[in-house]
1. Criterion first (surrounded by fewer than 21 Cβ atoms within 10 Å (Cβ to Cβ) and within 27 Å of residue A:104 (Cα to Cα)) does residue A:184 satisfy it?
2. Which residue pairs have Cβ atoms under 8 Å apart, sit 6 or more places apart or on different chains, and have a first residue in region B:160-187 that is more than 7 Å from chain A (Cβ to nearest Cβ) and a second that is surrounded by 22 or more Cβ atoms within 10 Å (Cβ to Cβ) and among the small types (Gly, Ala, Ser)?
3. Report the residue count in region A:321-359 for those that are open to solvent by 30 Å² or more (accessible area, probe 1.4 Å) and among the small types (Gly, Ala, Ser).
4. Within region A:208-227, how many residues turn out to be open to solvent by less than 60 Å² (accessible area, probe 1.4 Å) and part of a strand (DSSP E or B)?
5. Just give me the residues in region A:46-62 being away from chain B (no Cβ under 14 Å) and buried (at least 20 other Cβ atoms within 10 Å of the Cβ), in sequence order.
6. Could you give me the residue pairs with C-beta distances under 9 Å whose first residue belongs to region A:174-193 and is in contact (Cβ under 8 Å) with a residue 12 or more places away in the chain, whose second residue is part of a strand (DSSP E or B) and open to solvent by 20 Å² or more (accessible area, probe 1.4 Å) wherever it lies, and which are 6+ apart or on separate chains?
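The values are calculated or read from the model by the stated rules, or taken from the named source; none is laboratory data. In this text the structure is predicted, and so the values were computed from the model without any measurement. With ideal geometry, Cβ positions are generated from the backbone for all residues, glycine too; neighbour counts draw on all protein chains shown. The accessibility values were calculated without ligands, DNA or RNA, using every heavy atom of the protein model including side chains. Shrake-Rupley method; radii C 1.70, N 1.55, O 1.52, S 1.80 Å.
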Amino acid sequence: MQIALSVKNVTKRFGDFVAVDDVSLSVEDGKFFSILGPSGCGKTTLLRMIAGFYEQSGGTIELRGQDMTDVEPNKRPVNLVFQNLALFPMMNVYENIAFGLRRRGEKSPAIAKKVNGLLERVGLPGAGKKTIDQLSGGQRQRIAIARCLVLDPTVLLLDEPLGALDAKLREHMKVELKKLQAQVGTTFVYITHDQSEAMVMSDAVAVMNAGRFEQIGTPQELYHNPASSFVAQFVGNNNKLRAVMHKDERGGFFARYGNGMDFKVDGAFDLSGGDAYDLFVRPESLVINPVEAKQELNVMPAAVKAILFDGGNSRLLVTPDGFADELVVALPQTKQFDHIRAGDRVRIGWDASKSVCFKRADWKIYDDE
Amino acid sequence: MRKRSSFSKAVFIGTIVFLSLPLLVLVLYSFNESKSGSWTGFSLRWYVKLFTDSPQLWRAFGNSVIVALSSALVATMIGTLGAVAVNWYKFRLRKYLRTITFLPMILPEIIIGVSLLVFFSGIGLKLSLFTVFVAHVSFNLPFVFLLVLARLEEFDFSIIEAARDLGASETQTLLKVILPISMPGIISGFLTAVTLSLEDFVITFFVTGPGATTLPLYVYSAIRFGVSPVINALSVVMILGTVALTWSTRNFLKYIAAK
C-alpha cells in the first residue's frame, strides 16, 4: 500500500505555547483516518499545517512522498472541508464546485462533466443552479465535500464538518460519509472531538491530547486496549475508580479502593513510581446480578440511584456500598431487568480481565469537569 | 389596535412640516415671476435662464461633477484595497490603522480644511482643482473603507482560505472571491463618496484655487449678492436629480442582491 500522507515529528509553537508536540503519523492510500481529541488539543492546528495554512516549527509533512514544507496551500494536492463549510455565498452550487477546476484552467465541457458527475455522486443531481441559501444543512455539507472531491485530492481533510448539524442528521451523515469514502476511494483525514464519529467511520484513529498523540490504532484497539488513562476515558464510556495498587505475597496484584475493598486486576504493574492508580471499567462490562461465581469476578452489593432509560443505550446509576463514586452500568433491554426500580438493591460485578488500570494522571477533558 | 394619541400625531405632522416646508417654499419661488420675495405670478423664466444663460454656474457644476466622480473613484479603489488588507492580513499596525482611518470622520471639517491648506502650501502645491480632488479623496476614503470593511466582516475569514485551498492564487482570490462579495459595500461606498463630494463646502473652500469653483462655492458666492431665483430653479433640478439617483441606486442594489 502506498502512503498518502506522512507526518514526521511535526511540532508547532505559537510563542511559548506548544500546540502540536512532536507528532508522527502515516495514512495509507484510500483509508479513513481520524484524529480525535478534545477542543484545544492541537488537532485543528495539525490539520491546518497539512493544508498549508500554518508552517510547522519542526518536522516534515509529505504527501505521496513529496515534502510539502515550501509548497503554498493552493499548490498542495490536499483539500480541506472547513468546519463552517466556507461555501462561496455569491456563487451558485455549480460555480462553487467548478471553482477549483477553473483555477486549474480546465475547459468548460470537461468542468461541466465533472461537476455534474459529482453532483450525482453526492445525491444532488440537477442542483447546480441553486444558490447556497436554498440548501439545507446536510445539502451544504455535501456540496462542500463535492467541491473538494472534484479536484481529486491525494488527501481530503475534514475539520469537524458535522459539528453544526442537529443530532439526527449527524447520525445520518456519519453513515453517508463512510459510504461516500468507500465509494470514491479518496484518503480521508477527519478531525473530530466526537468519539462516536471517529469510531463509526474510521479505519484508524489517532487520539490526541495536549498536542501529543496518546495512541494510534483501529477503533477496536482503542476501545479494548487503551494505551493510556486518557484514551480509556475519552474513547467510549468508562467508570473511573481511584485505587491504590498492591502486590500480594504470591506476586499478583490487586487494587484497593478507598473503602478498603480489594479488586482483582489482570496483569503486572510498576509500583516503583508510586502506587496511586485509576481503574477503568466500562458500563457494558458491568454485569447486574451475576449468576456464575467465577474466581476472576469482582462482585459487590449496590443501591440503584436512578434508571437512565435511553432505548438500547439505557443505563443504571448505582452506588456500591461504601463507595464515594457512582458507577454507570449498562442496562440491557432484554426484559430481564425490567423489574429494577430506583432505590432497589442489586449486586454488580465485573470480570477482572475487562478492567484496565493506569497510573493516576490528573487531567481534565473539559474545564467544567 | 389602540388609537394613536393626538400628541404624537401633532409631533409627527409638525416634524414633517418643519422638514419639508422650506423645500416647498423653494420649489414654489422657483416658479415666481418676480425676482423679489413676493409672489407675482407663475413663470418658467428662471429655468430658462438657468439652462441658457448661466455659463459660470455650469462651469462650477462641471467642476463639481469632475471632482466628485474622480475623487470617489480613487477613494473607492484605495479604500477597498485598504479594507481588504485589514481584513485579510494580520499585521502589527492593523489596530492602529483602523483607528487612524476613522479620524477624518470624527474631526470637524474646518480642521481638515485648515490642515490640508497648510499641508499644500507647505509642500508648495498650487491651489487648483487638483488640490480639491486630493482633499476630497482624503475625506471620502474612510467612508469607503468602513463600508467595504463592514461588508467583508459579515463573512467568515475561512472563505478566503477556502479559495486558496481550492487552488486560487492571492490575485485570483482577490478578483474571484473578495471583490465579488464586497461589491455591495464598494458600490454604496462609491455612491456615498460621490454624494459627500458633491455637497462639500467647508473643506473645498479652504483648498480651492482660482478657476476651481465648485457648485456649492458658486451658490454661496451668488447668494451674497441676494438670492437669485436661478439658484431656486437649480435647487429644484438638483432635488429631482437626487431623488432619481437615490431611487435608481436602491433598485440597482436590490437587483444586485437578488442576483
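1. Here the answer is yes, as residue A:184 does meet what is asked.
2. B:173/B:163; B:176/B:163; B:176/B:168; B:182/B:83; B:185/B:83
3. Of the residues in region A:321-359, 5 are open to solvent by 30 Å² or more (accessible area, probe 1.4 Å) and among the small types (Gly, Ala, Ser).
4. 5
5. A:46, A:56, A:61
6. Within 9 Å, the pairs are A:187/A:28.
Okay, residues lined up against (1) in contact with a strand residue (DSSP E or B) (Cβ under 7 Å, 6 or more places away or on another chain); (2) assigned to a loop (DSSP other than H, G, I, E, B); (3) open to solvent by 50 Å² or more (accessible area, probe 1.4 Å); (4) within 17 Å of residue A:354 (Cβ to Cβ):
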| residue | (1), (2), (3), (4) |
| --- | --- |
| A:231 | yes, no, no, yes |
| A:237 | yes, yes, yes, yes |
| A:241 | yes, no, no, yes |
| A:246 | yes, no, yes, no |
| A:251 | no, yes, no, no |
| A:256 | yes, no, yes, no |
| A:259 | no, yes, yes, no |
| A:266 | no, yes, yes, yes |
| A:269 | yes, yes, no, yes |
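Conditions tested, residue by residue: (1) within 30 Å of residue B:194 (Cβ to Cβ); (2) in contact (Cβ under 8 Å) with a residue 40 or more places away in the chain; (3) open to solvent by less than 50 Å² (accessible area, probe 1.4 Å); (4) in a helix (DSSP H, G or I).
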{"residue": "B:14", "(1), (2), (3), (4)": "no, no, yes, yes"}
{"residue": "B:59", "(1), (2), (3), (4)": "yes, yes, no, yes"}
{"residue": "B:91", "(1), (2), (3), (4)": "no, no, no, no"}
{"residue": "B:96", "(1), (2), (3), (4)": "yes, no, no, yes"}
